[in-house]
Every structure is written in structure tokens, then in C-alpha cells.
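Down below is the structure, laid out as C-alpha cells.
Please treat every number below as a calculation from the coordinates, not as lab data. In this text the structure is predicted, and so the values were computed from the model without any measurement. We place every Cβ from the backbone using ideal geometry, glycine too, and count neighbours over all the protein chains shown.
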Amino acid sequence: MRLPKVAIIGTGGTISGVGRDSLDFYEYSTSGRFMRVDELIATVPELPRVADIVPVPYNNIASTDLQPSDWLKLTTIINETVAADPTLDGVVLTHGTATLEETAYFLNLTVKVSVPVVVVGAMRPSSALGADGGLNLLNACRVAGSPQARGMGVLVVLNDEINAARDVMKTSNYRVQTFVTPDFGILGYADPDRVVFYRRPLRRCAPDTEFDVSGVAALPRVDIIPAYAGADATMVEAVVAAGAKGIVSVGFPSGSPSPAQKKALEQAAKTGVAVVQSSRAGSGRVVPSKESLLAAGFYGADTLTGQKARILLMVALTRTSDPAEIRRIFEEY
């Protein structure tokens, strides 16, 4: 029986981290090192039992160091890797967990491959007692090689659970069950007997999106402004002065900035800066048809977190600045 052929692209992160000893859970990023992707693969000797593995090196860094320019490069690498080898059944991207959900969502909007793309990480370095990376990587390869994973968009696999890139979020600093989808739940499991799915994402996702970033040299600047009691206009004015093309207001639940922020954001919107309103609650919709949003010229983020709304706005602005089109994009994605 032919095993699925899966490419593993390595970017570093905790999953490839090597600390000082087996009890180094926290300091490895500064005192240790990150393994190359071929080294990481070698630490999981069970991988050849589930897939024919093709290593693809990228970088060995903490995900806090990754930039939007890396998202563009990774999109290109995934597209080119699959185009160069039509026998590939799936792609796995290893990634640090700090910004994993952001990279996964960007790829969910931009990659143009029909095979499954799975982003995986770990909460404990490979050298730590109880390291979770080996099993996470094994399960990610199983999911990437699963025919049932096709058409699901980019997936995130950790802790035996399969989540959609659009909806998943990191919710704990150190717990292995940190990646969850608060409103909608997981898509399925990577259990020992088989990979099983229970639902499908309904919002538009890779590869069937309208976004093509193959010729994009840099993404538009979009900043995030948090709301808090007594917040003034300082940060809004600063990002506008810095040249922001868009702003995501992470407002009070159920989605509103402070009065001073709102005044400054309304002024920014009048000058052509795209303003998206999200909520700091982490659950529930920001209703895009609210009269206060429409009157201010803001777009509603729906259920997207601030960091996900920023990514969608950045990608949208590579295609259009038309308010009606941006509103449609947020309704469809």
C-alpha cells in the first residue's frame, strides 16, 4: 500500500527547540537552539510508518521573529513545492506557537494548492520531559496525507485535535491544549486508529480564494489599536502618521472603541484609512450592520480576532480599496 507523500517545511519554533536539559521548559529560546527540519524529522523515527517525507528547509527562528514578508515567502514555497512535485499528497509547516494562528490564516487566504496544508507546533521543546512535538508532527503528517482533509482550507493540528486556521486561537501560555476554537469547536481528531472529521469550514478558504500575492513585494501596513478604559487618541494618531493603510480597533465587547479613539478613527476613515472593528472578548460576532459602525465608515470583523482581522484587511488591500468590496470580503471570509 502506497504511503502518502508529505513535504515538511521547517521554520523553527518550540517544536524544533533544544534546551539545556530535560527541565528547560522556558529558557530554550535564548539559551538553546532550533533544529533544522531534517534534524527534527530524525527525532521522530515513526514518521516513515505514516508518510513518505520530503524535508523542505526554510529558517530556524522563534515565531515572534517572523514577519509579513515571511508569509509571502512561505506562500511561494508551498505553491512552488507542490507545483514541482505533483505526487505530493500534502504539506506540513512546522511553526512556533506564538504567531502560528496568524501564519496559518494568511496561508488560508493565499495558498493555491489543492493538497491539504497543515500547520503544526509544540508547547514544549523537543528536549523537554513530556515533549509534545513528536506526536504533533506525526499527526500533522497523517492529516496532511488524508484525502478527507482536502478542501478544508489550511488546518492546525496540535494535541490530537484538528482546527480550522480561520477560527483557531492560542488561549494559554504553556498548556498543551492551548489551541482551541471557542465559538465553533474542532473539525476532528487525529486519533491512533484514523483521522476523523466531523464538520467542514463554510467560509471561503484556500485554495478557492480571490487573493493572489505572487506578485506582491510587501503587504500594506495595518495596525491594531486596543481599547481600554480611558484610552485616548494617541495611538490612532501615531499609526496614521506612520502611514497605516488600515487600522483594526480591538474594542470593548461587543465591539466599540473608547470615545476618544472613535473620534480619531472616524477622522482616519474620512482620509481613506480602512478601519475594521473587532472585539477583545475573543468570542462572538461584531455585527457589521450596526448603525454606529456604518455611520462611522467602519467594517465589522464578524468573529475574527484582532490579529486575524488585520491579516484579512492586509490581504484585501492588496486587491482593492473600494469600501463595498472590503465589506463584501469581510462578509465572505
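Tell me which residues come under 5 Å, amide H to amide H, from VAL56 once H is placed; ignore anything under 5 positions away on its chain.
ILE8, ILE9, GLY10
Quick one: helix 259-270 against the long Cα principal axis of the chain, what's the angle to the nearest 10°, folded into 0 to 90?
Long axis of 259-270 versus the principal axis of the chain: about 90 degrees.
Can you give me the long-range amide H partners of TYR299? Hydrogens built in the peptide plane at 1.01 Å from N, cutoff under 5 Å, separation of 5 or more residues or another chain.
For TYR299, the qualifying residues are VAL275, VAL276, GLN277.
Of ASP167, ASP85, ASP38, which has the largest mean-square fluctuation in a 10 Å C-alpha GNM of the chain?
ASP85
What is the calculated FRET efficiency for SER292 to ARG199, with r their C-beta to C-beta distance and R₀ = 41 Å, to the nearest 0.05? Present the calculation step by step, with values, prior to reporting the outcome.
Working: r = 33 Å, r/R0 = 0.81.
Between SER292 and ARG199 the formula returns 0.80.
Positive end of the dipole of the chain, charges at C-beta (+1 Lys, Arg; -1 Asp, Glu), about the Cα centre: which of THR30, VAL6, VAL287 has its Cα farthest in that direction?
The one lying farthest along the dipole's positive direction is VAL287.
Using each residue's phi in segment 227-233, evaluate 6.51 cos²θ - 1.76 cosθ + 1.60 at θ = phi - 60° and report the 3J(HN,Hα) Karplus result to the nearest Hz, with x for Gly and Pro.
With the stated coefficients, segment 227-233 comes to 8, 7, 4, x, 5, 9, 8 Hz.
So, R0 is 35 Å and r is the distance between the beta-carbons of SER321 and ARG49; what FRET efficiency does that work out to, to 0.05? Kindly include the intermediate steps, with their values, before the conclusion.
On the way: r = 51 Å, r/R0 = 1.45.
In this case the efficiency is close to 0.10.
Need the list of lysines near LYS5 for cross-linking: C-alpha distance under 24 angstrom, and skip anything on the same chain fewer than eight residues off.
LYS5 reaches LYS73, LYS112.
Going by alpha carbons, how many degrees (0 to 90, nearest 10) lie between the helix axis of 133-144 and the longest principal axis of the chain?
Compared with the principal axis, the helix lies near 80 degrees.
Lysine pairs, Cα distance under 19 Å, 8 or more residues apart or cross-chain: how many in segment 222-332? Walk me through the numbers before you get to the answer.
Values: LYS245/LYS262; LYS245/LYS263; LYS245/LYS270; LYS245/LYS308; LYS262/LYS270; LYS262/LYS290; LYS263/LYS290; LYS270/LYS290.
Counting lysine pairs in segment 222-332 gives 8.
With charges set only on the Cβ (+1 for Lys and Arg, -1 for Asp and Glu), what does the dipole of the chain come to about its Cα centre, in debye to the nearest 20? Can you show the working numbers first?
Working: 32 positive and 34 negative charges, 102 e Å.
Magnitude of the dipole: close to 500 debye.
Could you size up the charge dipole of segment 222-332 around its Cα centre, putting +1 on the beta carbon of Lys and Arg and -1 on that of Asp and Glu, and report it in debye to the nearest 20?
On the way: 12 positive and 10 negative charges, 21 e Å.
Computed about the Cα centre, the dipole is about 100 debye.
Pull up all non-local amide H partners of VAL119: gap of 5 or more, or a different chain, and H-to-H distance under 5 Å with H placed in the peptide plane.
It is LEU93, LEU155, VAL156, VAL157, by chain and number.
Would you mind counting up the charge near MET152? Only other residues with Cβ under 13 Å from its Cβ, with Lys and Arg at +1 and Asp and Glu at -1.
Numbers: positive: ARG150, ARG166, ARG199, ARG200, ARG203, ARG204; negative: ASP167, ASP208.
Once all neighbours under 13 Å are counted, the net charge is +4.
What base-10 log of the normalised intensity I(q)/I(0) is obtained for the chain from the Debye formula, alpha carbons as equal point scatterers, at q = 0.09 Å⁻¹?
Results for the chain at q = 0.09 Å⁻¹ read -0.47.
Loop-only check: which GluC sites (Glu not before Pro) in segment 37-116 are DSSP coil with at most 12 other Cβ within 10 angstrom?
Working: sites: GLU39, GLU46, GLU80, GLU101, GLU102; in loops: GLU46.
Filter output for segment 37-116: GLU46.
Take the Cβ-Cβ distance between ARG221 and GLU331 as r, set R0 to 25 Å, and report the resulting FRET efficiency rounded to the nearest 0.05. Let's see the in-between values first.
Details: r = 24 Å, r/R0 = 0.95.
Result of the calculation: an efficiency of 0.55.
Report the net charge of residues surrounding ASN136, where surrounding means a beta-carbon distance below 13 angstrom and charges are Lys +1, Arg +1, Asp -1, Glu -1. Mind showing how you got there, number by number?
On the way: positive: ARG124, ARG142; negative: GLU46, ASP132, ASP160, GLU161.
Charge balance in the 13 Å sphere: -2.
Evaluate the distance, in nm, between pseudo-label points positioned 7 Å from the Cα of SER254 and of ALA281 along their respective Cα→Cβ axes.
0.6 nm
Tell me which trypsin sites (Lys or Arg not before Pro) from segment 264-333 have a DSSP coil assignment and no more than 16 other beta carbons within 10 Å of their own.
Values: sites: LYS270, ARG280, ARG285, LYS290, LYS308, ARG310, ARG319, ARG327, ARG328; in loops: ARG280, ARG285, LYS290, ARG319.
Taking segment 264-333 and a limit of 16 other Cβ atoms within 10 Å, the loop trypsin sites (Lys or Arg not before Pro) found are ARG280, ARG285, LYS290, ARG319.
Sorted by average packing, counted as other Cβ atoms within 10 angstrom per residue and highest first, what order do 14-21, 198-205 take? Each step should come with its number before you reach the end.
Working: 14-21: 21.9, 198-205: 14.6.
Highest-to-lowest ranking by the protection proxy: 14-21, 198-205.
What nm value, rounded to one decimal, do you get for the distance between THR87 and LEU23 when each label is placed 7 Å out toward the C-beta?
The two pseudo-label positions are separated by 4.8 nm.
How do the peptides 153-163, 49-59, 170-180, 297-307 rank, highest first, by the average count of neighbouring beta carbon atoms within 10 Å per residue?
Values: 153-163: 25.6, 49-59: 16.5, 170-180: 14.7, 297-307: 22.3.
Ranking the peptides 153-163, 49-59, 170-180, 297-307 by packing returns 153-163, 297-307, 49-59, 170-180.
Write down the Å³ per residue value for the convex hull defined by the alpha carbon atoms of segment 224-333. Could you put the intermediate results ahead of the total?
Numbers: hull volume 9.4 nm³, N = 110.
Spread over its residues, the Cα hull of segment 224-333 gives 85 Å³ apiece.
With θ set to phi - 60° and the Karplus curve 6.51 cos²θ - 1.76 cosθ + 1.60, what are the ³J(HN,Hα) couplings of segment 4-13 in order, to the nearest whole Hz, using x for Gly and Pro?
x, 9, 10, 8, 10, 9, x, 10, x, x
Roughly how many Å is it from the Cα centre of segment 1-67 to that of segment 125-180, as a whole number?
Here the two parts' Cα centres lie 14 Å apart.
Can you give the net charge of the other residues whose Cβ lies under 15 Å from the Cβ of SER172, counting K and R as +1 and D and E as -1? The partial results should precede the final answer.
Numbers: positive: ARG124, LYS170, ARG175; negative: GLU101, ASP132, GLU161.
Computed value for this residue: 0.
Short version: ³J(HN,Hα) in whole Hz for each residue of segment 271-282, in order, from phi by Karplus 6.51 cos²θ - 1.76 cosθ + 1.60 (θ = phi - 60°), x for Gly and Pro, what are they?
8, x, 6, 6, 10, 10, 9, 10, 10, 7, 5, x
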